[in-house]
Amino acid sequence: MLARAALLFSIFFGVVPAMAGIPIERWVQASGAEVYLVPSPAIPMLDVQIDFDAGSRRDPQAQAGLAGLMAAMSAKGVLAGGPAEPALDENALSEAWADLGASFGASAGGDRLSFSLRTLSYPDLLERAAQLAARQLGQPAFPDAVWQSERERLKASLREANTRPATLAARAYNRAVYGSHPYGQELTEATLVAIGVADMQALQRTLLPCRARVTLVGAVTRPQADALVRTLLARLPAAPSGGCPPLAPVPEVAALTQPTDQRIVFDSAQAHVLFGQPGFTRADPDFFALTVGNYVLGGGGFVSRLTTEVREKRGLTYSVYSYFSPGLHAGAFTVGLQTRPDQAAAALQLARDVVARFVAEGPTEVELRAAKDNLVGGFALRIDTNRKLLDNVANIAAHRLPLDYLDTWTQQVEQVTVAQVRAAFARKLQPARMATVVLGATVPAAN
């Protein structure tokens, strides 16, 4: 009871203690696995994230959604590991985690397939949690009967999603921005039917220890962390004797060469408006200038320029926003809003004008100062729990950022100038070549 109470406390109230610097340790194990550790001994708990370059960007086009489905099915049971380790179905596996007061799950993003463990760090519990996590990571059962049932459930869910205007608008927009690049792929009824248990098993076999990046934040020492990672990865397939085979390259996102304008008639009370283009990669040196600049343009909520011009001055929409989504490839720059269908043309044109003017002129000194103050003032909230710190360190690992990235983050923000923002936006955005999607009940003709 005491252990579970401590875990609940850590989940809801676990705060990373203030520190002058965040001591990220990095090393490579004999297997080739990269390990990133931030010791945080204040609370007896540990968060672990295991990342593989096996996200949806590597899904075959005809099987878009495979990585996400494999991640979900990994929780449906584990195979027997010997006389002392009987097979566990979904219910037994869930009960085993509940008995430990721990959790283990998987998810897939565009670039990464991730497995996450949260447990108390008391030695007896930690070892048992690590062994169970290793089984779920390396020996998932992927029961076919369960998959058939899940597939039918997902079919119904996809059909329901296809009735939502926001879903349809986002799908059309992603196709327009990314074209044939995997970033624009998503699960559909057709790709769902093409995915079977054998495909999940094949993907599982590509998860080699030499391809793992493991991030740990919590109450463990480096020797403990090193031993724990070896346990977690022990049941994965071994790499060939010749070393870790390289993965096939993924093409870059193609730049847009001309504007596109798609109008979709849909019986919706609100028109959904999206426009944008491929942006930049996460490792781009313009990252801070673009982050600060976008806070001014449309990322700062009610203090952003888009909100001031489109909502406050003209009342054309309740909310309007812009964001970059950088990844290993050029993620989209997106401007989005919802408005009455009869106002869609005016709102769209005004938002386009605001973006074009911002790209040409950049922010004012007053706008830049306000953006910096907000970003720097809110930085502590980005790392105030073990889970948030884990996410940030895993991001460092995934994008090969400097180990002192978090220590210098506020300094990097403070150094951004108006000229740097203007130059960065001019390099990355071409307002005259953006993709536009407008979906609504009555759709105005394109200009």
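Per the listing GLY377, GLY336, GLY327, the residue uniquely closer than 26 Å to THR417 by Cα and in contact with a His (Cβ under 9 Å, 6 or more places away or on another chain) is GLY327. Residues of the stretch 10-23 that are out of contact with any helix residue (DSSP H, G or I) (no Cβ under 6 Å at 6 or more places or on another chain) and either at pLDDT 90 or above or not β-branched (Val, Ile, Thr) (or both): SER10, PHE12, PHE13, PRO17, ALA18, MET19, ALA20, GLY21, ILE22, PRO23. VAL250 fulfils the conditions (1) assigned to a loop (DSSP other than H, G, I, E, B); (2) assigned by TED's automatic domain parsing to the domain that holds VAL413 except for a single criterion, (2). Scanning the stretch 432-444 for residues that are buried (at least 18 other Cβ atoms within 10 Å of the Cβ), at pLDDT 95 or above and either out of contact with any Asp or Glu (no Cβ under 6 Å at 6 or more places or on another chain) or more than 12 Å from GLY276 (Cα to Cα) (or both) yields a total of 5.
Being over 23 Å from the mean Cα position of the chain (by Cα) and surrounded by fewer than 23 Cβ atoms within 10 Å (Cβ to Cβ) is the filter here; which residues of the stretch 308-322 pass it? Those that are over 23 Å from the mean Cα position of the chain (by Cα) and surrounded by fewer than 23 Cβ atoms within 10 Å (Cβ to Cβ): THR308, GLU309, ARG311, GLU312, LYS313, ARG314, GLY315, LEU316, TYR318, SER319. For the stretch 284-291, indicate whether the set of residues that are crowded, with 17+ Cβ neighbours inside 10 Å, without any contact (Cβ under 8 Å) to a residue 40 or more places away in the chain and not in a strand (DSSP E or B) is non-empty. Yes, because at least one residue in the stretch 284-291 is crowded, with 17+ Cβ neighbours inside 10 Å, without any contact (Cβ under 8 Å) to a residue 40 or more places away in the chain and not in a strand (DSSP E or B). If you check LEU187 against the conditions, is it within 20 Å of the chain's Cα centre (by Cα), closer than 24 Å to ARG112 by Cα, crowded, with 19+ Cβ neighbours inside 10 Å and not basic (Lys, Arg)? Yes; evaluated as a whole, the condition is true for this residue.
Residues in the stretch 51-70: is at least one under 22 Å from THR231 (Cα atoms), modelled with pLDDT of 95 or more, among the polar types (S, T, N, Q) and in contact with a helix residue (DSSP H, G or I) (Cβ under 9 Å, 6 or more places away or on another chain)? Within the stretch 51-70, none of the residues are under 22 Å from THR231 (Cα atoms), modelled with pLDDT of 95 or more, among the polar types (S, T, N, Q) and in contact with a helix residue (DSSP H, G or I) (Cβ under 9 Å, 6 or more places away or on another chain). Looking at the structure I just gave you, is THR410 touching a Phe, Trp or Tyr at 6+ places or on another chain (Cβ under 6 Å) and surrounded by fewer than 20 Cβ atoms within 10 Å (Cβ to Cβ)? Yes.
If you check ARG211, ARG205, ARG112, which single one turns out to be modelled with pLDDT of 95 or more, farther than 26 Å from ILE43 by Cα and surrounded by fewer than 20 Cβ atoms within 10 Å (Cβ to Cβ)?
ARG205
Please tell me if LEU208 is out of contact with any Cys (no Cβ under 8 Å at 6 or more places or on another chain) and assigned by TED's automatic domain parsing to the domain that holds VAL28. Taking the combined requirement at face value, the residue does not satisfy it.
For the stretch 356-383, the tally of residues that are at pLDDT below 95 and over 27 Å from the mean Cα position of the chain (by Cα) stands at 0.
A quick yes/no check of all residues on (1) under 22 Å from VAL265 (Cβ atoms); (2) among the basic types (Lys, Arg):
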residue	(1), (2)
GLU160	yes, no
ARG164	yes, yes
ALA169	yes, no
VAL177	yes, no
GLN185	no, no
THR188	yes, no
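Is there a residue in the stretch 87-108 that is touching a Phe, Trp or Tyr at 6+ places or on another chain (Cβ under 6 Å), surrounded by fewer than 21 Cβ atoms within 10 Å (Cβ to Cβ) and closer than 30 Å to LEU337 by Cα? Within the stretch 87-108, none of the residues are touching a Phe, Trp or Tyr at 6+ places or on another chain (Cβ under 6 Å), surrounded by fewer than 21 Cβ atoms within 10 Å (Cβ to Cβ) and closer than 30 Å to LEU337 by Cα. The selection criterion, being touching a Phe, Trp or Tyr at 6+ places or on another chain (Cβ under 7 Å), buried (at least 16 other Cβ atoms within 10 Å of the Cβ) and either small (Gly, Ala, Ser) or on the phi > 0 side of the Ramachandran plot (or both), does not hold for GLY218. Counting only helices (runs of 4 or more DSSP H) that fall entirely inside the stretch 129-232 and contain at least 1 residues that are of a type in the set (S, T, N, Q) and over 30 Å from GLN258 (Cα atoms), the qualifying elements are 144-161, 197-204.
Would you call TYR173 of a type in the set (Phe, Trp, Tyr), under 19 Å from GLY68 (Cα atoms) and surrounded by 19 or more Cβ atoms within 10 Å (Cβ to Cβ)? So TYR173 fails the test. Out of TYR183, TYR173, one residue alone is out of contact with any Lys or Arg (no Cβ under 8 Å at 6 or more places or on another chain) and under 30 Å from ARG433 (Cα atoms). It is TYR173.
The values are calculated or read from the model by the stated rules, or taken from the named source; none is laboratory data. A quick note: this is a predicted structure, and the numbers were derived from the prediction, not measured. Counting neighbours? That spans all protein chains shown, and the Cβs are built from the backbone with ideal geometry, glycine included.
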